[in-house]
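Working notes, structure below.
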Ligand SMILES: Cc1cc2nc3c(=O)[nH]c(=O)nc-3n(C[C@H](O)[C@H](O)[C@H](O)COP(=O)(O)OP(=O)(O)OC[C@H]3O[C@@H](n4cnc5c(N)ncnc54)[C@H](O)[C@@H]3O)c2cc1C
């Protein structure tokens, strides 16, 4: 078996090109269309698709390494692509467990389709366990979806939207319906993304006006509420691990920039570079101590998903835990980097200033801190009442 070489899938020159665009994408508040074109040409949209279907056939653990690498260059590009990778990862997890209903996602990803992740809804803190979107069954087994999704990354460029909605009329209702709809006139992408950070994701509001999913694109129907169904496990596991990877990449970049800055700045007081200053050395060491814990955690858990290891009732706590630790640690590392960088990092065009704004988004993704703590508390203490 040959060793996995991240540079074979994300070459250094491509990474530098993507890095060189990131500041402009952030300043202009636009989707990084050139990054997407380059990544598509490099086969990146198919990294999680099995080789026999034309993809790179990487494991989740390998994809997580690549997403860390991509996020060091352009966090928003990495986060947006993450949503596409989540669906291809769900297809892989389900396929490996004998459920082949997402094969069209794998074939589509290789053919250049861009899959967005339409789960979040305003005020829906049930997330995967409920939906205010109406899923209306049709006689031929297809569904139409009416409602509003928020924060749909890849807003201007996706070609297929994977979403969920609630069917309240079928004989076995209520059922949460997972399906994929193409971009048609029944879907409106609002132009309403103007955020503090992660501006390139263009995670816009999506209006669904009877958007139609053909029967073959209705991939799963599950009872609402906490549910260990393979699609719930697939989404949860791939989403949490790849998100953790993106924010770990942000932490790594902040650490690297802090080291470069500490070496480049010279103290008038001592005439020595800041990298000789004991306080700066302590601060950089704190950052490295915190960062170093993250990649092995992601690798270990991603490997367990790849291998089908059963953590039973602790799975969700482990997955939300690694995501929580990654985003909170990344935020702490970027905070420290800002101080090493000094006042210039406070300018919004400075890379550290951008990372400082980008890293904040990590706290809002599921599992947010409250949800992660509730999941872990239930796993260890049992539920209340
Ligand atoms: C950069 C970024 C990219 C993301 N990409 C995706 C993606 O691709 N796909 C996806 O599914 N999710 C995505 N998310 C969504 C994310 O994971 C969270 O779901 C999102 O941050 C909402 O969090 P919240 O519920 O805490 O927000 P909140 O602030 O609680 O709510 C968000 C919106 O809903 C409104 N709202 C809140 N409560 C109510 C209520 N009771 N009634 C009516 N309106 C209400 C608020 O006014 C606000 O407009 C992304 C988030 C970020 C930050």
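For residue 98, the conditions (1) in contact (Cβ under 8 Å) with a residue 40 or more places away in the chain; (2) under 20 Å from residue 236 (Cβ atoms) all hold with the exception of (1).
Can you confirm whether residue 52 is modelled with pLDDT of 95 or more and farther than 18 Å from residue 305 by Cβ? The answer is yes for residue 52. When 155, 200, 165, 123 are checked against the criterion of being assigned to a helix (DSSP H, G or I) and within 16 Å of the ligand (Cβ to nearest atom), a single residue qualifies: 200. Within the range 334-366, which residues are outside any helix (DSSP H, G or I), modelled with pLDDT of 95 or more and within 16 Å of the ligand (Cβ to nearest atom)? If the condition is that a residue be outside any helix (DSSP H, G or I), modelled with pLDDT of 95 or more and within 16 Å of the ligand (Cβ to nearest atom), then 364, 365 are the ones that fit.
Just so you know, in the range 173-185 the residues that are in a loop (DSSP other than H, G, I, E, B) and without any contact (Cβ under 8 Å) to a residue 40 or more places away in the chain include one that is surrounded by the fewest Cβ atoms within 10 Å (Cβ to Cβ), and it is 185. Screening 202, 160 for residues that are at pLDDT 95 or above, in the same structural domain as residue 213 (by TED's automatic domain parsing) and in contact with a strand residue (DSSP E or B) (Cβ under 7 Å, 6 or more places away or on another chain) leaves exactly one candidate, 160. Looking at 88, 146, just one residue is modelled with pLDDT of 95 or more, away from the ligand (no atom under 16 Å from the Cβ) and not in a loop (DSSP other than H, G, I, E, B), and that residue is 146. Of everything in the range 77-95, what is more than 15 Å from residue 239 (Cβ to Cβ) and surrounded by 23 or more Cβ atoms within 10 Å (Cβ to Cβ)? Give them in sequence order. If the condition is that a residue be more than 15 Å from residue 239 (Cβ to Cβ) and surrounded by 23 or more Cβ atoms within 10 Å (Cβ to Cβ), then 77 is the only one that fits.
The values are calculated or read from the model by the stated rules, or taken from the named source; none is laboratory data. These figures come from a predicted structure and were not determined experimentally. Cβ coordinates were reconstructed from backbone atoms using ideal geometry, including for glycine residues, and neighbour counts include every protein chain displayed.
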